[in-house]
Structures are given as C-alpha cells and as structure tokens.
Amino acid sequence: MRSIDESHDPRRVSWVASAQGHAEFPIQNLPFGVFSPAGGSPRGGVAIGDQILELRAALEAGIFSGEAARAAEAAAGPSLNPLMACGKNARLALRRGVSALLSADGPDRAKIEPLAARLLHNAADCTLHLPATIGSFTDFFAGIHHARNGGMRRDPNNPLNPNYKYVPVAYHSRASSVRPSGVPIRRPSGQRKAINEDAPSFGRAQKLDYELELAVWIGPGNELGEPIPIAEAGDHVFGLGLVNDWSARDVQGWESQPLGPFLAKNFGTTVSPWVITSEALAPFRVAQPPRPAGDPQPLPYLWDDADQQTGAFDIALEALLLTEGLRSKGLPPHRMSASNTTDLYWTLAQLVAHHTCGGCNLAPGDLFGTGTISGPTPEGYGSLMELSADGQRQIVLASGETRTFLQNGDEVIFRAHCRKAGCTPIGFGECRARVV
Ligand code: MN
C-alpha cells in the first residue's frame, strides 16, 4: 500500500466532536467540496463530521504554510479546479495540514480551537454546489455485469459486444446538465418507439431509470496530442464521488442506433458534492480482480503491473429508493441493490490511459462516470432496467407499492462506504435527487 500516513491512523481523533464515529466524514476522510453558508457565496471547504471547515478562513487565520497554504489558496474559491490542477503533492500537503488542524492532539490546537466559530459551519445550514466547473463529462461502460445484463436481450449467447474485453467503451456525455445532489430531475420528453410499435411518438419518457456509478474527478490534465501513460494515469485522478446517470430507456432504445445515447442521458446527471481524494482512499486500494480464464490480456498501453496490484478500490455501493408511499408510512428508503467497485472490469488508470491514448486532452475538473456498477446477482443490479428486466418484473417495496421504472416523486439515493479491518471506515455522503 502506498501513501498511508498519520492522516489515516485510526487512533487520530478530532476536536470536532461530531467527527468521532461519523459514518461518512471522520478525520481520516477529509473530502473537498464547494459550499455556501446561509447568505454567503460559494467557497471551498472540507467535510468534518457534521461541520464544514472553510479553507479561506483557515488561510486568513494563518494556519497553513508552504505548499499546504498554496494548495489551500487553490481550494478556497468557488470551484476546486485550481486545486485539481495542482497535482498530488499539493493535495497531500493540504490533506496533512487539514488533518493536523483538526486533530485533537495537533501542535496548534490551543491556538486553533478558539477560532472554531470562524473556521466551521454547520453543514445542515449550508448549500453544497458542484465541486468543479466541469469542462467535459465522459461516461464509461466498465461495469461488466451491467454490460452483460444490457446485452442479454440482444443476444443471450453473446451479450457482450466483441470489443468489450479489449476497449474501455465510453461515450462523450453532457457536462452542462450535471447538478449536485438535491437538485430535482425533470422527467424528459422525447421520441420513443417500442419494438411492437410501427412509428415513433413524442412524449414524456415512461421508462425513466437511474444508473449507479462511481464519479472520477480528473486532477492535472494533459496537453493535446500527449497521451497519459498507464503508469502515470492514477496520478491524474483527483478523487471520487457518486454519479446518477439518469436514463430514459424508451428514448435510448430508439435513438441510440448506431451512435449511442444522446437525449436519453443529457437531460440531467446528479453527482455527490464531496470529492473523496485519492489520498483518503489509499487504504482501500486492492488488486484488480484477475480476469476470468479465457479473457484476453489487455493491450500493452492498458497494462501496468503496479496498477493491477493496487489500482482497484474496495468501495461498497448502495442504491435506495424513497417513494411517496414509503414517506407517508414513515418507512425508510427501500434498498434496491448493493454492489462494489471491484465489479468494474477496468481500473480507473486504464480509463484515463484509454481516454488519452489517441491524444485527447483531459482538463482539471473533467468528470468520468465509470458506467453502472452492478454485482453478479440480482441483489447487485445497479439500474431498474436490470432489476425489472426492462419492465417485465415488478419490484415490490415495503410500502406495498410496485415499480418497474421511476414514478414522479420518487427519490433515488446512492451511498458508498469503505470498510476494512484496522482502518476507520469512511463514506462518500449521499448522491440523491427526486424525480418531478
Ligand atoms: Mn451510464
């Protein structure tokens, strides 16, 4: 394991009391985001327990110095793009600085704790924004179980396209319609044509679906024409979050031939607002699961021994649904599925290396979706199209309601947690939005 330091030490506790045992944001996590306090403008911060540390206030209090101060300056504004551009060493210096600042046995605690009212905001009173200005959004298809489930209706004997195990398949998606958690999603209208219909019609999408995906936030980019080698690709990943790649299946089925999704996906995408840094995730790196016997070896530009050994992540994912019926009965959200990022067929470094292998330039703040992360069995299916077999199977909720696809008022909630013996568990916070 690389980059494990005192900031990951499970014995480290914070003087911010709510951070102890916090399921998402203990002091070992320290994710970056952009928030506004009530009546204030957007600014960079770090989640700690149920509070947000304001980086500008910490800078003004003279708490950071050297590289940590430069990185805090880059992270203090209304978007994290300048911090994302800085690269790994700056991120690391800032993480260590923030960890020391918030640590109960930090060297400057006596000086810092009296400033708490200036440094901290109640997260519940703040508005969270997109963490970055997103120049480009690319959605991959790296969840092999989802790809297989999607292809079953086309050809049950060969559900995966012949390129699947060679090419990390993706399409260029729409950056302008990405919104942070909490912003409602409007059901889109579009052209639909079912297989048994002779002609298309225009109207509200009837097969509105969600897709449970990991968000990959790009840090330093590359010059146009200069591919990122696989061995360096991991250092271009700033951090991770959650993506809901909302999908109108009836629109998608008709429009996608042959160029792939367009209006079926561009009406809205939801991301979780906190970016869990590559450094925070270091203890939860694992080997990429070996390819099943008979699968082809990736081409050399996609292969790196170190990436295979530590380039995957063990992140438990959950998709939940909260309906009007559950709400009115006081019932909790219904858990639709649970899967894990080890269900991805490609590592994140392979996605970066592939995206740039022809010379395409990535920029700080670019967003990747990994593709829907489904587990191998129905309990792990990360979309309703899979869970309902494209509408043929009713899903029964604890309220007695049934679903095949989403109804208005439904709220989709994604959560993610990293747990490992000897480590403090960390979470991603929620990615949630209601269909209206
Ligand atoms: Mn997707």
**Asked** Which peptide among 202-214, 99-111, 339-351 comes first, and what is the full order, when sorted by highest mean count of other Cβ atoms within 10 Å?
**Response** 339-351, 202-214, 99-111
**Complete:** Treating only Lys and Arg (+1) and Asp and Glu (-1) as charged, each at its beta carbon, one finds that the stretch 289-355 has a dipole about its Cα centre, in Debye to the nearest 20, of 440
**Prompt:** Using a basic spin-label model with each label point 7 Å from the Cα along Cα→Cβ, how many nm lie between Asp295 and Glu232?
**Reply:** 2.8
**Asked** Considering the dipole of the stretch 57-207 built from charges on the beta carbon (Lys and Arg +1, Asp and Glu -1) around the Cα centre, which of Pro82, Ser189, Ala58 is farthest to its positive end?
**Response** Ser189
**Message:** I need the shape label for the stretch 1-124. Rule: rounded when a/c is under 1.5, else prolate if a/b > b/c, else oblate, with a, b, c from the alpha carbon gyration tensor.
**Reply:** rounded
**Asked** Along the charge dipole of the chain, which of Ala72, Phe202, Leu130 sits closest to the positive end, that is, farthest toward it, with unit charges on the beta carbon of Lys, Arg, Asp and Glu (+1, +1, -1, -1)?
**Response** Phe202
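Can you tell me, using C-alpha contacts under 8 Å and at least 6 residues apart, the relative contact order of the stretch 46-97 as a whole percent? If you can, show how the numbers build up before the last one.
Numbers: 48 pairs, mean separation 16.1, N = 52.
Across the stretch 46-97, relative contact order equals 31 percent.
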**Request:** Just list whichever of Lys165/Lys207; Lys165/Lys265; Lys329/Lys420; Lys88/Lys420 have alpha carbons separated by over 31 Å in the model shown.
**Result:** Lys329/Lys420
**Message:** Within the stretch 109-148, name every residue whose backbone N is under 17 Å away from a label modeled 7 Å from Cα of Arg393 along the Cβ vector.
**Reply:** 145-148
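In what sequence, highest mean first, do 175-187, 67-79, 268-280, 34-46 appear when ranked by Cβ atoms within 10 angstrom? Provide the component values of the computation, followed by the final result.
Working: 175-187: 16.3, 67-79: 20.2, 268-280: 26.1, 34-46: 18.2.
Ranked from most to least packed, the peptides come out as 268-280, 67-79, 34-46, 175-187.
Listed highest first by mean packing, meaning other Cβ atoms within 10 Å per residue, what order do 370-380, 307-317 come in?
Values: 370-380: 21.6, 307-317: 19.9.
Result, highest mean Cβ count within 10 Å first: 370-380, 307-317.
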**Asked** Under the rule of -39500 (n - 2.57) per DSSP H run of 4 or more residues, summed and divided by the residues of the chain, what mean residue ellipticity at 222 nm is obtained, to the nearest 500 deg cm²/dmol?
**Response** -5000 deg cm²/dmol
**Prompt:** Which one of Thr370, Gln350, Leu299 has its Cα pushed farthest toward the positive end of the charge dipole of the stretch 299-425, where Lys and Arg give +1 and Asp and Glu give -1 at the Cβ?
**Reply:** Thr370
**Message:** What are the ³J(HN,Hα) couplings of the stretch 323-336, residue after residue, when phi is run through the Karplus curve with 6.51, -1.76, 1.60 and θ = phi - 60°? Round to Hz, x for glycine and proline.
**Reply:** 10, 4, x, 5, 4, 5, 8, x, 8, x, x, 8, 7, 8
**Asked** Short version: ³J(HN,Hα) in whole Hz for each residue of the stretch 36-51, in order, from phi by Karplus 6.51 cos²θ - 1.76 cosθ + 1.60 (θ = phi - 60°), x for Gly and Pro, what are they?
**Response** 10, x, 3, x, x, 8, x, 7, x, x, 10, 7, 9, x, 9, 10
**Fill in**
Under the rule rounded for a/c under 1.5, else prolate if a/b exceeds b/c, else oblate, using alpha carbon gyration tensor axes a ≥ b ≥ c, the stretch 259-330 is classed as prolate
**Request:** For the stretch 377-436 and the stretch 179-217, write down the distance between their C-alpha centroids in whole Å.
**Result:** 16
**Prompt:** Picking from His355, His172, His236, which is most flexible by a Gaussian network model of the chain using Cα springs under 10 Å?
**Reply:** His172
**Request:** Express the relative contact order of the stretch 300-436 as a whole percentage, based on alpha carbon pairs under 8 Å and six or more residues apart in sequence.
**Result:** 26
**Item:** Mean Cα-pair separation over length for the chain, i.e. relative contact order, pairs under 8 Å, 6 or more apart, %
**Value:** 21
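How big, on average over all directions, is the shadow cast by the Cα convex hull of the chain, in nm²? Don't skip to the end; give the middle numbers.
Working: hull surface 85.9 nm².
Across all orientations, the chain yields a mean hull projection of 21.5 nm².
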**Nearest-20 debye value, the chain charge dipole, Cβ charges on Lys, Arg, Asp, Glu** = 760
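In debye, nearest 20: dipole of the stretch 231-309 around its Cα centre with unit charges on the Cβ of K, R (+) and D, E (-)? It would help to have the intermediate numbers written out before the result.
Details: 4 positive and 10 negative charges, 62 e Å.
Dipole magnitude for the stretch 231-309 comes out near 300 debye.
Each value in this text was obtained by applying a stated rule to the coordinates, not by laboratory testing. The model shown is predicted, which means the values in this text are computed figures rather than measured ones. Because the Cβ atoms are built from the backbone with ideal geometry, glycine has one as well, and the counts that use them run over all protein chains shown.
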